[in-house]
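Peer 1: Quick one: this structure, given as structure tokens, is what I'll be asking you about.
The values are calculated or read from the model by the stated rules, or taken from the named source; none is laboratory data. All of these numbers come straight from a predicted model, not from anything done at the bench. All Cβ positions, glycine included, derive from the backbone under ideal geometry; neighbour counts span all protein chains shown.
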Amino acid sequence: MARDTDNGATFWNFSPPAAESHSERMQRSLADESDSQLLDEASRGSEEAFVELYRRHQGPVFRFALRMSGDEATAEEVVQEVFLTLIRGPVRYAEARGSLTGWLLGVARNHVLRVLERRPPRAPAAEWEAPDASADVLAALLRRESLDAVRRAVLSLPAVYREALVLCDLEELEYAEAARAAGCSLGTIRSRLHRARNLLAAKLTKTRECAL
């Protein structure tokens, strides 16, 4: 660090910061854009916009597919298929009807159900995460049960109840968005979620009694 003077003015001369790359500037700019803006840019061939969309939404899609199938390979396959849908276009997503995450989970659901028609869910994957504390129903169960027991119980639920539980309690979608993702009415998703919670509690109770 050196001190330079110019016409009596004194300033400290620090080493300049590293220059930001064009890619970094572009990605930082895209991070401020809405999903609809990114979709529009991606449809016009912007690779950077597609990468930003993938960065934002890959996690929820992967978790949903993993929790529905219990299999990492299936979850990865579903993620690829969902984002290929964005590339192939045109995308029938309307921002006024809900979030892009909810729409993508609806696409993921269709792929997962096709897989589950060919085979039942597999043993739970280790990366299956516990829900946040705000998902109070499952949080209460997790305080009493091992995570592995909850994983297995969730995977043993019929698909329509399992997806209601995953969408509402694990991914924490609003009921309206969960209903759109599941392709059913608001009343149906509420009914399925209520039934799923009861089934899950009963399965965990039975598991605990068998272990005694």
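Peer 1: If I ask for residues that are closer than 17 Å to LEU155 by Cβ and touching a Gly at 6+ places or on another chain (Cβ under 9 Å), which ones from the range 66-119 would you list?
Peer 2: Correct list: ARG109 only.
Peer 1: Turning to a different aspect of this structure: Between residues in the range 150-167 that are in contact (Cβ under 8 Å) with a residue 12 or more places away in the chain and residues that are buried (at least 24 other Cβ atoms within 10 Å of the Cβ) and outside any helix (DSSP H, G or I), which pairs lie under 9 Å by C-beta distance while being six or more apart or on different chains?
Peer 2: Correct list of pairs: LEU167/LEU173.
Peer 1: Would you point out which residue out of ALA179, ALA108, ALA130 is surrounded by 18 or more Cβ atoms within 10 Å (Cβ to Cβ), among the small types (Gly, Ala, Ser) and either at pLDDT below 85 or within 17 Å of LEU66 (Cβ to Cβ) (or both)?
Peer 2: None of the other options fit; the residue is ALA108.
Peer 1: Do you know which residues across the range 63-89 are closer than 22 Å to CYS168 by Cβ and part of a helix (DSSP H, G or I)?
Peer 2: Result: ARG63, PHE64, ALA65, LEU66, ARG67, MET68, SER69, THR74, ALA75, VAL78, VAL79, VAL82.
Peer 1: Taking the condition among the polar types (S, T, N, Q) and modelled with pLDDT under 60, does SER146 pass?
Peer 2: no
Peer 1: Same structure, new question: Quick one: GLN80 ticks every box in (1) surrounded by 16 or more Cβ atoms within 10 Å (Cβ to Cβ); (2) at pLDDT 90 or above bar one, so which box is it?
Peer 2: (1)
Peer 1: Separate question: Can you name the number of the only condition in (1) at pLDDT below 80; (2) touching a helix residue (DSSP H, G or I) at 6+ places or on another chain (Cβ under 8 Å); (3) not in a loop (DSSP other than H, G, I, E, B) that ALA96 fails?
Peer 2: Evaluating ALA96 over (1) at pLDDT below 80; (2) touching a helix residue (DSSP H, G or I) at 6+ places or on another chain (Cβ under 8 Å); (3) not in a loop (DSSP other than H, G, I, E, B) leaves (2) as the failure.
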